[in-house]
Amino acid sequence: MTKSVLESEIREQPETIARLVADPMFATVAAAIREAAPHSVMIAARGTSDNAARYAQYLFGVQFGLPVALATPSVTTLYGKTIQYHDTLVIGISQSGTGTDVTQMVADATAQGALTLAITNDPHSPLAKAAKYCLALGVGQERSVAATKTYTAQLTALAALTAHWAGDAELIAALAQLPNWLAGVADHAEQIANRAERFRFMSHCVVLGRGYNYATAFELALKLTELTYVVAEPYSSADFRHGPKALIEVDFPVIAIVPSGAAYADTLDLIQEISSRGADLTVISDKDEALDLAALPIKLPANVPEWLSPIVSIVPGQWLAMSVAAAKGLPLDAPRSLNKITITR
């Protein structure tokens, strides 16, 4: 496979994450949040950034017991209504920081006196200017249309904010291990590329993940869709039992993210059933028990805490989507009909 900009940016992630976790801004923003003591969190985002917001729902919910809602920007931009943000931390997440709808929601919240935060790769963007605080990702220009290093940086920014907000030295220390874990995932890149040919004629699949990795299921499905033009549907292992399980038949492609943690037992139980029905199963996990069920097992590094596992587990998904696209002979850096920056209103 000819090396692409996409591959280069996937390989940059250990270095970009190492720089990001050392940013002193996390402590500053965390102190402001503790002082404001919000009763809830609202996150405005689109596309890949929306998947980062799903991760935040679990981070802030599990760590702080806060309700975390994904915003509905169209309420403001299409229907002309202003949301009330009393006692709410409002976060806008955007790679470019140029989305009109996300920026408008953050600007409205700032005008109401709410604590607002932008998470973006461009600290001079409209979104950054609309918020009281900005966490700049600092990953450098991302040239490939499919987001990779900006996504893991968004997740890392949310994880680092959580650790500093909690004031937990153990959580903060765990962040420093992320670059090593990400580098370890790259060891499996060749294995994934060598097995990608088997998916060359795949037209549809299901991606499963639960808990923290519900976000990973959505992001991996998005990467497969935009890079390989496959209809990839993301589900939690809980929701999949409520109807979609009827899809499973012999050779039906299923990709499952099954790392250690609270969601492991439930997801393992589901993929055991899926395996028994003859599905074509790809498993991303650190547990041999789960990997042994897979036609394509992708091993994660050991000892990654569940709350950080989405940052690590999406990377083999990025390799898989890229490798399948290459096997199909598709453009890796500029998928059809897509632009790097998408403006929604």
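Of everything in segment 276-289 that is part of a strand (DSSP E or B) and among the hydrophobic types (A, V, I, L, M, F, W, C), the residue that is farthest from VAL312 (Cα to Cα) is LEU281. Scanning segment 1-33 for residues that are within 26 Å of GLY329 (Cβ to Cβ) and aliphatic (A, V, I, L, M), which turns out nearest to the chain's Cα centre (by Cα)? Here the answer is ILE10.
The condition (being surrounded by 15 or more Cβ atoms within 10 Å (Cβ to Cβ), modelled with pLDDT under 95 and of a type in the set (D, E, K, R)) is satisfied by just one residue among LYS340, LYS287, LYS299: LYS340. One residue stands out among those in segment 156-182 that are in a helix (DSSP H, G or I) and of a type in the set (Gly, Ala, Ser): the one that is nearest to GLN95 (Cα to Cα), which is ALA157.
It is to be established whether one or more residues within segment 139-149 are part of a helix (DSSP H, G or I), in contact (Cβ under 8 Å) with a residue 12 or more places away in the chain and touching an Asp or Glu at 6+ places or on another chain (Cβ under 9 Å). So far as segment 139-149 goes, yes, one or more of its residues are part of a helix (DSSP H, G or I), in contact (Cβ under 8 Å) with a residue 12 or more places away in the chain and touching an Asp or Glu at 6+ places or on another chain (Cβ under 9 Å). Within segment 247-260, does at least one residue satisfy the condition of being without any contact (Cβ under 8 Å) to a residue 24 or more places away in the chain and surrounded by fewer than 23 Cβ atoms within 10 Å (Cβ to Cβ)? Looking through segment 247-260, none of the residues is without any contact (Cβ under 8 Å) to a residue 24 or more places away in the chain and surrounded by fewer than 23 Cβ atoms within 10 Å (Cβ to Cβ).
Tell me which residues, restricted to segment 10-37, are of a type in the set (Ser, Thr, Tyr) and surrounded by fewer than 15 Cβ atoms within 10 Å (Cβ to Cβ).
Result: THR28, single match.
Restricting to segment 178-220, name every residue that is β-branched (Val, Ile, Thr), under 21 Å from PRO244 (Cα atoms) and touching a Ser or Thr at 6+ places or on another chain (Cβ under 6 Å). Walk me through it before giving the result.
Start the filter on segment 178-220 by keeping residues that are β-branched (Val, Ile, Thr), which leaves 185, 192, 206-207, 216.
Then keep just the ones that are under 21 Å from PRO244 (Cα atoms); that gives 206-207, 216.
Answer for segment 178-220, where residues must be β-branched (Val, Ile, Thr), under 21 Å from PRO244 (Cα atoms) and touching a Ser or Thr at 6+ places or on another chain (Cβ under 6 Å): just THR216.
The strands (runs of 3 or more DSSP E) found wholly in segment 183-275 and carrying at least 3 residues that are hydrophobic (A, V, I, L, M, F, W, C) and under 21 Å from the mean Cα position of the chain (by Cα) occupy 204-208, 253-257.
Residues checked against (1) aliphatic (A, V, I, L, M); (2) surrounded by fewer than 24 Cβ atoms within 10 Å (Cβ to Cβ); (3) in contact with a Phe, Trp or Tyr (Cβ under 8 Å, 6 or more places away or on another chain):
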site	(1), (2), (3)
ILE119	yes, no, no
GLN141	no, yes, no
THR152	no, no, no
ALA166	yes, yes, yes
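Restricting VAL106, VAL90 to residues that are modelled with pLDDT of 95 or more, part of a strand (DSSP E or B) and more than 19 Å from ALA22 (Cβ to Cβ) narrows the list to VAL90.
What number of residues in segment 55-87 are outside any loop (DSSP other than H, G, I, E, B) and either touching a residue at least 40 places away in the same chain (Cβ under 8 Å) or closer than 29 Å to GLY261 by Cα (or both)?
Filtering segment 55-87 down to residues outside any loop (DSSP other than H, G, I, E, B) leaves 55-64, 68-70, 74-77.
Going one step further and asking which of them are either touching a residue at least 40 places away in the same chain (Cβ under 8 Å) or closer than 29 Å to GLY261 by Cα (or both), we end up with 55-64, 68-70, 77.
Counting residues in segment 55-87 that are outside any loop (DSSP other than H, G, I, E, B) and either touching a residue at least 40 places away in the same chain (Cβ under 8 Å) or closer than 29 Å to GLY261 by Cα (or both) gives 14.
Is at least one residue of segment 107-130 touching a residue at least 40 places away in the same chain (Cβ under 8 Å), in the same structural domain as ASP50 (by TED's automatic domain parsing) and hydroxyl-bearing (Ser, Thr, Tyr)? No, there is no match, as no residue in segment 107-130 is touching a residue at least 40 places away in the same chain (Cβ under 8 Å), in the same structural domain as ASP50 (by TED's automatic domain parsing) and hydroxyl-bearing (Ser, Thr, Tyr). Take the conditions farther than 20 Å from LEU137 by Cβ and buried (at least 22 other Cβ atoms within 10 Å of the Cβ) and apply them to THR88. Does it pass? Considered against the rule, which asks whether it is farther than 20 Å from LEU137 by Cβ and buried (at least 22 other Cβ atoms within 10 Å of the Cβ), THR88 comes out as yes.
The values are calculated or read from the model by the stated rules, or taken from the named source; none is laboratory data. Because the structure is a prediction, the values reported are computed rather than measured. Don't worry about glycine lacking a Cβ; one is built from the backbone with ideal geometry, like all the others, and counts go over all protein chains shown.
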